[in-house]
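**Student:** Just dropping this structure here.
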């Protein structure tokens, strides 16, 4: 087993579905109403000018700019990458985003387009978005995208197996994918919209972290609801407890459905007040988004000029 | 137990969003207010005025009148006449529409009322805006709807109003306590003489203005500002039929003494020392929020505050660690800052009381924890505080502190939790956190408290009755039961 | 030269919108003297079918609002009604009422809406309760909305009759498909404009004008309607409703001797009582 010692220190001695079941049940239960209230209270934080500009800047740097459509082409990926590197053609002070996120067949074009820049290439893998394929094939796909140059791998867990109680299968897949990642860092997508309950989200978070996730991620974006604030809160609390128990830092990425700067700022508030100042960095928090970027650029422009902006002044991709 | 956490390669942003100030421009506070008697503002016959200050800055906000015996007499006379000639005989459906108007106007002017409530009392603007004001409007709406349905409220009786209600309210929720008192009284057909607390008179005076604007017939609602003597005059006046008081147990007892032998009906809502019980299977992160809310909401100036934490021993250390960490994220400061979580203590006197009790806690051997936070250099402020190693006999476990101070004790079994929870002369509220539904209901049956919150805390609704057991008072406010205090009927 | 007025087309109200009948038909609404006042839509069975589908979709949203919220919306309806008194007085007068009677009917309608609005956050307190069962159990009975209610409004009084039958249906969270007065349909359509400007979510109330004899059988037989208020139906229509109700065991309220009065028990008729048990123990 190639898991870091800290992670294994909290796992049961023998890893089987029954032992994992007890392990997962050790997480505290989650009261949905209470979680929603905490999130609602944090959403009333009022962020003014200077702190807003700082936040918008950080959000930009945290974005994994994403295109995951059947109709993606090398041209589309090249254009998106250009935008990822230089989001606002009229303003060089706007920083690059964290990464571009694409399907495996598009990885080589993304790598080419971002060569020599700070923008990383993240590839979805494991037969995203459903993941309903044999484990061997999923691991093979991961190896392939890593060979093609992906810096980051976004995998999906087998939700059917999780909901059906096959915890060993879910765990083992993540562990094997992590092995295949090599130096690439692994984000594990829980697909919280399909897990539905916050208790499931909490347990799946622990399972993924114990199995080797570098990041836990909410959604594929293909299922509604995608990222939500309550789900994010619960995942951050799971990360905090995991960190307290093992010292291992696991990052978090909400993805899908975060369309406006106002939404993104709310996520940052939840992050800031749950995990603290040290977490306000793209090393440990990302936004999986596409339309978000333009709204952030419009808000930055508004703060600079004092005039409400128009979509016409920003490139569509 | 601290584990070394790696630092990120990309330096984190130090994100500061303090100082998002709500503008006070919307508040039209006058320099001086008279008494609201018989539908208009009049100068006090006592000729006396006193200032009300902003406890966050110690700056004076306005001068209000100090009603003397004669002024109170005028107010009661106006209320009596309005009751006999106008409000008592009025059809319930018409009364309802007056109260709906007031509710609607409170809704329309919510922001302004919230700002004045914060300036006058010290509570954070986000609380007055998001909690107090919606509940205030809600109470008026709720009781408006009962005014023409009283015969359905309790089967088998033909209710009638009591007459003139004398109501004395505290400074911790000035507008909300006004709503809790005035709305059911008016809906049931009574007229009112209201004495707001001396440190927080302004929003009551604004409601008086709203009532006048709503066309409420003169004399139906009267507001007489003043201090203890004014309150005593209202309570003691012969022509008052019903007395309602919310405040300290000590003053409640004085009032009950004063009323012994009189014909007046009485309800009291007094102090509390609520037990907040956390079992090992509680939804922990939400329980932390519940505990924080339970004692730091409104700076702990809450009669039903969860001021005694009873945590199951086998999760004590872990829970207290999480609590301490969470205390460090509380923002203490300017109540007009929209991001402030804990505002100002209402008065110098209250600040002194809290300080004295906290000192006693340390002296008696409990261990104190306060987060590092910078308090403003003016105004009355106190750091959120928790004590561990607290014994049941310590003063901080027995006496109501009415401030942001949590005393933490532990228990081993549910029976022990119940015993400790009930081991107090108070009985207003209690909290229980556990995943097990049957245990919630078992605990609720045994806790001697008028309000039991399970897996939540400090939840209020106009439809939900609130009030205490034992020395926390008697009578209920809110809900169908809240009408009882203001109705009379004949038996078969 | 006198000014030519712009005549209004009266359409159906379904899903928060004002469509014409899919059948393309309309019929004349006549005043008391038989003169044409306007043409109104003649609803068809397909319009009814669409209205029921939309009413069903709207149930979870409306039933999911708090009583307070529903009360606020119903109170808002009263405010808007008050604002448009003049129009209603005119329409009721055209229908033959004296101006005084019309004003009185409009005032009563507004007050009735206010009365029912006030029940939304209280009804459960008089109709639901804890049950003191023998045994260590928490046992509570609470009223829930039955779902989609078909409402047959009496021919007269055209406004008060409509509100008296519709308001108690709305209070607990039901959605409604309403068959308006055939003879005096205009107040019903004007009322839907009031609903539309009062924050009532689309689909909660749907109103069809048309011929009751044509539409009642389809309403009666529809398998996705939970209850029918036949209080405003003719005796023959009421029988037809009962016969159709049998197929999916609809709850039926029959015409009674009570006039358009008000009572919380009219609300009760459109609720289901749910009783929940839970043990009390360690």
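The values are calculated or read from the model by the stated rules, or taken from the named source; none is laboratory data. These numbers were taken from a predicted model, which means no experiment stands behind them. No Cβ is skipped: glycine too gets one built from the backbone with ideal geometry, and neighbour counts run over all protein chains shown.
Residue by residue, here is whether (1) within 13 Å of chain C (Cβ to nearest Cβ); (2) surrounded by fewer than 24 Cβ atoms within 10 Å (Cβ to Cβ); (3) outside any helix (DSSP H, G or I) holds:
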{"residue": "B:104", "(1), (2), (3)": "yes, yes, no"}
{"residue": "B:107", "(1), (2), (3)": "yes, yes, no"}
{"residue": "B:114", "(1), (2), (3)": "no, no, no"}
{"residue": "B:118", "(1), (2), (3)": "no, no, no"}
{"residue": "B:127", "(1), (2), (3)": "no, yes, no"}
{"residue": "B:133", "(1), (2), (3)": "no, no, no"}
{"residue": "B:141", "(1), (2), (3)": "yes, no, no"}
{"residue": "B:148", "(1), (2), (3)": "yes, yes, yes"}
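**Student:** Among the residues that make up segment B:386-397, is at least one of them within 24 Å of residue B:335 (Cα to Cα), assigned by TED's automatic domain parsing to the domain that holds residue B:418 and without any contact (Cβ under 8 Å) to a residue 60 or more places away in the chain? It would help to see each step written out before you state the result.
**Tutor:** Kept after step one, since they are within 24 Å of residue B:335 (Cα to Cα), are these residues of segment B:386-397: B:386.
Narrowing the set further to residues that are assigned by TED's automatic domain parsing to the domain that holds residue B:418 leaves B:386.
Still in the list and also without any contact (Cβ under 8 Å) to a residue 60 or more places away in the chain: none.
No - not one qualifying residue is present in segment B:386-397.
**Student:** Surrounded by fewer than 14 Cβ atoms within 10 Å (Cβ to Cβ) and away from chain B (no Cβ under 14 Å): is that true of residue A:66 in this structure?
**Tutor:** Spelling it out, it is not the case that residue A:66 is surrounded by fewer than 14 Cβ atoms within 10 Å (Cβ to Cβ) and away from chain B (no Cβ under 14 Å).
**Student:** Every residue in segment B:157-188 that is under 12 Å from the mean Cα position of the chain (by Cα) and either farther than 15 Å from residue B:267 by Cα or part of a loop (DSSP other than H, G, I, E, B) (or both), please.
**Tutor:** B:169, B:170, B:171, B:172, B:173, B:174, B:175, B:176, B:179
**Student:** Now, a different point. Keeping to segment A:84-96, report how many residues are in a loop (DSSP other than H, G, I, E, B) and away from chain B (no Cβ under 13 Å).
**Tutor:** 9
**Student:** From A:51, A:22, A:81, grab the single residue that is more than 14 Å from chain B (Cβ to nearest Cβ), assigned to a helix (DSSP H, G or I) and surrounded by 14 or more Cβ atoms within 10 Å (Cβ to Cβ).
**Tutor:** A:81 is the lone residue from the list that is more than 14 Å from chain B (Cβ to nearest Cβ), assigned to a helix (DSSP H, G or I) and surrounded by 14 or more Cβ atoms within 10 Å (Cβ to Cβ).
**Student:** Here is a list of conditions, (1) at pLDDT 95 or above; (2) over 30 Å from residue B:400 (Cα atoms), and residue B:230 meets all of them except one; can you say which number that is?
**Tutor:** Residue B:230 satisfies all of (1) at pLDDT 95 or above; (2) over 30 Å from residue B:400 (Cα atoms) except (2).
Here is a yes/no grid of residues against (1) under 18 Å from the mean Cα position of the chain (by Cα); (2) crowded, with 22+ Cβ neighbours inside 10 Å:
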site	(1), (2)
B:259	no, no
B:274	yes, yes
B:277	no, yes
B:281	no, no
B:285	no, yes
B:295	yes, yes
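**Student:** While we're looking at this one, here's another question. Scan segment A:239-265 for residues that are more than 15 Å from the chain's Cα centre (by Cα) and within 10 Å of chain B (Cβ to nearest Cβ) and jot them down.
**Tutor:** Across segment A:239-265, the qualifying residues are A:240, A:241, A:243, A:244, A:245, A:246, A:247, A:248, A:265.
**Student:** If you take the residues of segment B:382-401 that are touching a helix residue (DSSP H, G or I) at 6+ places or on another chain (Cβ under 8 Å) and over 15 Å from residue B:360 (Cα atoms), which of them is surrounded by the most Cβ atoms within 10 Å (Cβ to Cβ)?
**Tutor:** B:384
**Student:** Now for a different question. Look through C:128, C:96 and report the one residue that is touching a residue at least 60 places away in the same chain (Cβ under 8 Å) and more than 14 Å from chain B (Cβ to nearest Cβ).
**Tutor:** C:96
**Student:** Do we have residue B:271 as assigned to a loop (DSSP other than H, G, I, E, B), free of Cβ contacts under 8 Å to residues at least 40 places away in the same chain and either closer than 28 Å to residue B:354 by Cβ or out of contact with any strand residue (DSSP E or B) (no Cβ under 9 Å at 6 or more places or on another chain) (or both) here?
**Tutor:** Numbers: assigned to a loop (DSSP other than H, G, I, E, B): yes; free of Cβ contacts under 8 Å to residues at least 40 places away in the same chain: no; either closer than 28 Å to residue B:354 by Cβ or out of contact with any strand residue (DSSP E or B) (no Cβ under 9 Å at 6 or more places or on another chain) (or both): yes.
Spelling it out, it is not the case that residue B:271 is assigned to a loop (DSSP other than H, G, I, E, B), free of Cβ contacts under 8 Å to residues at least 40 places away in the same chain and either closer than 28 Å to residue B:354 by Cβ or out of contact with any strand residue (DSSP E or B) (no Cβ under 9 Å at 6 or more places or on another chain) (or both).
**Student:** If you don't mind, there's one more thing I want to ask. Out of all the residues in segment B:449-469, is one or more closer than 13 Å to residue C:282 by Cβ, facing another protein chain (nearest Cβ under 10 Å), modelled with pLDDT of 95 or more and surrounded by 19 or more Cβ atoms within 10 Å (Cβ to Cβ)? Can you show your working first?
**Tutor:** Kept after step one, since they are closer than 13 Å to residue C:282 by Cβ, are these residues of segment B:449-469: none.
No, every residue in segment B:449-469 fails to be closer than 13 Å to residue C:282 by Cβ, facing another protein chain (nearest Cβ under 10 Å), modelled with pLDDT of 95 or more and surrounded by 19 or more Cβ atoms within 10 Å (Cβ to Cβ).
**Student:** A follow-up question, please. Which of the residues that make up segment A:1-49 are more than 25 Å from residue B:288 (Cα to Cα), out of contact with any helix residue (DSSP H, G or I) (no Cβ under 6 Å at 6 or more places or on another chain) and without any contact (Cβ under 8 Å) to a residue 60 or more places away in the chain?
**Tutor:** Correct list: A:5, A:8, A:13, A:14, A:18, A:19, A:48.
**Student:** I've got another one for you. Which of the numbered conditions does residue A:116 fail, given that it passes all the others? Conditions: (1) more than 22 Å from residue A:3 (Cβ to Cβ); (2) part of a helix (DSSP H, G or I).
**Tutor:** (2)
**Student:** Pick from C:252, C:216: which is away from chain B (no Cβ under 14 Å), assigned to a helix (DSSP H, G or I) and either touching a strand residue (DSSP E or B) at 6+ places or on another chain (Cβ under 7 Å) or at positive phi (or both)?
**Tutor:** C:216
**Student:** Ok, one more. Does at least one position in segment A:270-278 carry a residue that is touching a strand residue (DSSP E or B) at 6+ places or on another chain (Cβ under 8 Å) and either under 21 Å from residue B:9 (Cα atoms) or buried (at least 23 other Cβ atoms within 10 Å of the Cβ) (or both)?
**Tutor:** Yes; the residues of segment A:270-278 include at least one that is touching a strand residue (DSSP E or B) at 6+ places or on another chain (Cβ under 8 Å) and either under 21 Å from residue B:9 (Cα atoms) or buried (at least 23 other Cβ atoms within 10 Å of the Cβ) (or both).
**Student:** Among the residues of segment B:179-204, what is the count of those that are crowded, with 24+ Cβ neighbours inside 10 Å and under 24 Å from residue B:31 (Cα atoms)?
**Tutor:** Within segment B:179-204, residues that are crowded, with 24+ Cβ neighbours inside 10 Å and under 24 Å from residue B:31 (Cα atoms) number 10.
**Student:** In this structure, does residue A:231 turn out to be crowded, with 22+ Cβ neighbours inside 10 Å, farther than 22 Å from residue A:196 by Cβ, within 14 Å of chain B (Cβ to nearest Cβ) and at pLDDT 95 or above?
**Tutor:** no
**Student:** Mind checking which residues of segment B:16-26 are within 24 Å of the chain's Cα centre (by Cα) and surrounded by 20 or more Cβ atoms within 10 Å (Cβ to Cβ)?
**Tutor:** Kept after step one, since they are within 24 Å of the chain's Cα centre (by Cα), are these residues of segment B:16-26: B:22, B:24.
Across segment B:16-26, the qualifying residue is only B:22.
**Student:** Hey, another quick one. Regarding residue A:123, is this residue touching a residue at least 24 places away in the same chain (Cβ under 8 Å), assigned to a loop (DSSP other than H, G, I, E, B) and surrounded by 15 or more Cβ atoms within 10 Å (Cβ to Cβ)?
**Tutor:** In short, no.
**Student:** So, one more: Looking only at segment A:277-317, which residues are modelled with pLDDT of 95 or more, within 14 Å of chain B (Cβ to nearest Cβ) and out of contact with any helix residue (DSSP H, G or I) (no Cβ under 9 Å at 6 or more places or on another chain)?
**Tutor:** A:283
**Student:** OK, next. If I ask for residues that are at the interface with chain B (Cβ under 10 Å from one of its Cβ atoms), surrounded by fewer than 20 Cβ atoms within 10 Å (Cβ to Cβ) and assigned to a loop (DSSP other than H, G, I, E, B), which ones from segment A:30-44 would you list?
**Tutor:** Listed by number, the list holds a single entry, A:44.
**Student:** A follow-up question, please. Could you list, in sequence order, the residues of segment C:260-282 that are under 25 Å from residue C:249 (Cβ atoms), more than 10 Å from chain B (Cβ to nearest Cβ) and assigned to a loop (DSSP other than H, G, I, E, B)?
**Tutor:** C:269, C:270, listed by residue number.
**Student:** Next question. Within segment B:444-485, track down each residue that is over 21 Å from residue B:303 (Cα atoms) and more than 20 Å from the chain's Cα centre (by Cα).
**Tutor:** Those that are over 21 Å from residue B:303 (Cα atoms) and more than 20 Å from the chain's Cα centre (by Cα): B:445, B:484.
**Student:** Checking residue B:78 against (1) at the interface with another protein chain (Cβ under 9 Å from one of its Cβ atoms); (2) modelled with pLDDT of 95 or more, which test does it fail?
**Tutor:** Condition not satisfied by residue B:78: (1).
**Student:** A further question follows. Does residue B:235 satisfy the condition of being within 15 Å of residue B:455 (Cα to Cα) and more than 14 Å from chain A (Cβ to nearest Cβ)?
**Tutor:** Details: within 15 Å of residue B:455 (Cα to Cα): no; more than 14 Å from chain A (Cβ to nearest Cβ): yes.
It is false that residue B:235 is within 15 Å of residue B:455 (Cα to Cα) and more than 14 Å from chain A (Cβ to nearest Cβ).
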